[in-house]
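Asks: Next up is a structure, given as structure tokens.
Only the coordinates and a few stated rules stand behind these numbers; no lab work does. If you're wondering where the values come from, they're calculated on a predicted model, not measured in any experiment. Cβ placement follows ideal geometry from the backbone for every residue including glycine, while neighbour counts extend to all protein chains displayed.
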Amino acid sequence: MLDWAKIETVLLDMDGTLLDKYYDDYFWERYIPEIYAKQNGLNTVEAGKKLLAIYKAKEGTLDWTDLDYWSDQLALNIPALKIKVSHLIKIHPYVVDFLEFLSQSSKRVYLVTNAHSKTLDIKMKKTSLNGYFDRIICAAEVGKPKEDTSFWPGLKKIINFSRETTMLAEDTEKILQSAQAYGIKHLIYVARPSSRKAIKKSSHFTSIIYFNELI
Ligand SMILES: [Mg+2]
């Protein structure tokens, strides 16, 4: 599927790609609506609808992943609530095997995430994956979300990679499109971001279900 001899740098997304997105979906779509409903005297369905509209307006922006923004916006302590359900943070099957394989093949490996540094901390504490990366870059450091084509030249200034010899794995097609527009050559779509949702392959990008397909 991939010619590893032609790949020097591997960029990996976190949520949905390495980690089960069920945690994030549960947190924002079920847990927060329950808490928000109680706090604001709404029923859970009303709270869910109201929150969905509030979330939608921020999708694909850095605010979307900014825990401090949401703590302010919703008058809730979002980092503390995230920790409360952190038992749901799970690594996808074969991710550790894949990271071991990359480490043995001496590839440069970077975790590149839109996630906020506080979310990243909670997830790395829980999974201990941080040791596998040459560096971790949060989109806030670049100043743009990955959906924005100008993210990639910003990232290049930080870690210097060649578009020809770089692979990116993502569970968001819009981000793969933005990386493709910038010229990153090897693009992989993760078709099963959440363990609780159906597999959905991409019609544009090479799709995998688990990373064992790339080893
Ligand atoms: Mg993702």
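Asks: What net charge is computed for the residues neighbouring residue 128, neighbours being all others with C-beta under 14 Å from the C-beta of residue 128, Lys and Arg scored +1, Asp and Glu -1? Before the final figure, lay out the partial values.
Replies: On the way: positive: 90, 123, 125, 126; negative: 100, 121.
Result for the neighbourhood of residue 128: +2.
Asks: Residue farthest toward the positive end of the dipole of the chain, with Cβ of Lys/Arg at +1 and Asp/Glu at -1: which of 193, 102, 140?
Replies: 193
Asks: Under a no-solvent Debye model with one identical scatterer per Cα of segment 23-87, what's log10 I(q)/I(0) at q = 0.19, 0.28 Å⁻¹?
Replies: Log10 of I(q)/I(0), two decimals: -0.70, -1.46.
Asks: Another question, if that's okay. Between residue 88 and residue 160, take the C-beta separation as r, use R0 = 25 Å, and let me know the FRET efficiency to the nearest 0.05.
Replies: With a Förster radius of 25 Å, E is 0.10.
Asks: Just for the Cα atoms in segment 59-185, what are the lengths along the principal axes, largest first, rounded to whole Å?
Replies: Rounded to whole Å, the extents work out to 45, 31, 23 Å.
Asks: So for the chain, taking the charge dipole from beta-carbon charges (+1 Lys/Arg, -1 Asp/Glu), which of 172, 127, 36 sits furthest toward the positive end?
Replies: 36
Asks: Over the chain, what is the mean sequence separation of C-alpha contacts under 8 Å (at least six apart), divided by residue count, expressed as relative contact order in percent?
Replies: Relative contact order comes out at 28 percent.
Asks: Shifting gears a bit: Taking each full run of DSSP H in the chain as one helix, which ones are at least 27 Å long along their axis (Cα atoms) and have mean Kyte-Doolittle hydropathy of at least 1.0?
Replies: Passing helices, by number: none.
Asks: What fraction of the DSSP beta bridges in the chain is antiparallel, stated in percent and rounded to the nearest 5?
Replies: Of the beta bridges lying entirely in the chain, close to 5 percent run antiparallel.
Asks: If the only charges are +1 at each Lys and Arg Cβ and -1 at each Asp and Glu Cβ, what is the size of the charge dipole of segment 23-87 around the Cα centre, to the nearest 20 debye?
Replies: With Lys and Arg at +1 and Asp and Glu at -1, about 220 debye.
Asks: So what does log10 I(q)/I(0) come out to for segment 145-187 at q = 0.33 Å⁻¹, using the Debye formula with one equal point on every Cα and no solvent?
Replies: -1.33
Asks: For the chain, give the magnitude of the charge dipole about the Cα centre (Cβ charges: +1 Lys/Arg, -1 Asp/Glu; no others), in debye to the nearest 20. Each step should come with its number before you reach the end.
Replies: Working: 30 positive and 27 negative charges, 39 e Å.
Around 180 debye, computed over the chain.
Asks: A further question on this structure: For the chain, what are the per-bin percents of Cα-Cα distances with bins 5 Å wide, up to the bin holding the maximum?
Replies: Going from the shortest bin to the longest, the percentages are 1, 7, 14, 19, 20, 17, 10, 6, 3, 1, 0, 0.
Asks: Hey, another quick one. Could you tell me the distance between the Cα centroids of segment 1-27 and segment 114-153, to the nearest Å?
Replies: If we compute the Cα centre of each part, the gap is 12 Å.
Asks: Next question. In the neighborhood of residue 6, defined by Cβ-to-Cβ distances under 15 Å, what is the net charge if each Lys or Arg adds +1 and each Asp or Glu adds -1? Walk me through the numbers on the way to the answer.
Replies: On the way: positive: 107, 108, 163, 185; negative: 3, 8, 164.
Local charge sum for residue 6: +1.
Asks: How far apart, in nm, are the 7 Å Cα→Cβ label points at residue 121 and residue 201?
Replies: Rounded to a tenth, the inter-label distance reads 4.2 nm.
Asks: While we're on this one: Treating only the Cβ of Lys, Arg, Asp and Glu as charged (+1, +1, -1, -1), what charge dipole size does segment 1-54 show about its Cα centre? Round to the nearest 20 debye.
Replies: Dipole of segment 1-54, to the nearest 20 debye: 340 debye.
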